[in-house]
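The next block holds one structure in the form of structure tokens; read it before the comments.
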Amino acid sequence: MQVAEILRKKGTDVAIVSRSDTIGTACETLRRYGIGALVVSDDGTSIDGIVSERDVVRALGQEADADLLARPCRDIMTAEVFTCSTDDRVDHLMSLMTENRIRHLPVVVDGALSGIISIGDVVKSRLSELEAEARHVEEYIHHGR
């Protein structure tokens with residue numbers, strides 16, 4: 001399965017914060033949408049970074065004070081962001097996520113942000129593939145085709 005098919009099923013909406021938005025705003029946005037990461041983008045199409053739950057927890061561990069929530073996202077965002085394209089296959093995403101210990105991959109088309117894939121999306125698509133393969137094998141066993 002390719003990224004394009006996953007996006008067709010789940011949609012292309014991406015929750016975004018700007019570099020100057022506060023960490024408190026990022027936390028509220030993560031909570032409101034029930035997601036684990038936000039793309040940091042000042043213009044909505046380029047990727048300046050990513051703020052994940054891990055980034056927030058790391059910052060809290062280093063500097064657990066009330067001022068943290070008032071600081072800008074640029075202070076805790078991960079600036080080196082791995083991305084994928086709509087042509088990438090799930091097995092490639094699994095390798096990329098595992099090797100780099102990441103859970104979210106923004107999707108880029110023609111240099112612009114066009115979606116995001118989470119580890120949950122990858123697992124769900126892989127399970128769907130395995131279920132389809134099992135059905136095919138079962139049909140073959142029962143019907144010989």
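See the values below:
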item	result
Residue in segment 23-44 that is surrounded by the fewest Cβ atoms within 10 Å (Cβ to Cβ), counting only those that are assigned to a loop (DSSP other than H, G, I, E, B) and charged (D, E, K, R)	ASP43
Per-region count, segment 1-11, residues touching a Ser or Thr at 6+ places or on another chain (Cβ under 6 Å) and in a loop (DSSP other than H, G, I, E, B)	1
Among the candidates SER52, SER20, residue that is within 12 Å of the chain's Cα centre (by Cα), within 14 Å of CYS73 (Cβ to Cβ) and either modelled with pLDDT under 95 or not hydrophobic (A, V, I, L, M, F, W, C) (or both)	SER52
Criterion violated by LEU127 - all others in (1) crowded, with 18+ Cβ neighbours inside 10 Å; (2) within 24 Å of ALA4 (Cβ to Cβ) satisfied	(1)
Considering residues of segment 93-136 that are among the β-branched types (Val, Ile, Thr) and over 17 Å from VAL14 (Cβ atoms) only, the residue modelled with the lowest pLDDT	VAL123
Filter result for ARG71 (over 24 Å from VAL122 (Cα atoms) and either of a type in the set (Lys, Arg) or surrounded by fewer than 18 Cβ atoms within 10 Å (Cβ to Cβ) (or both))	yes
Single residue of VAL81, VAL90 found to be over 24 Å from VAL17 (Cα atoms) and either within 12 Å of the chain's Cα centre (by Cα) or in contact (Cβ under 8 Å) with a residue 24 or more places away in the chain (or both)	VAL90
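The values are calculated or read from the model by the stated rules, or taken from the named source; none is laboratory data. Computed from a predicted model, the values in this text were never measured in an experiment. Positions of Cβ are generated from backbone atoms using ideal geometry, with glycine treated the same way; all protein chains shown enter the neighbour counts.
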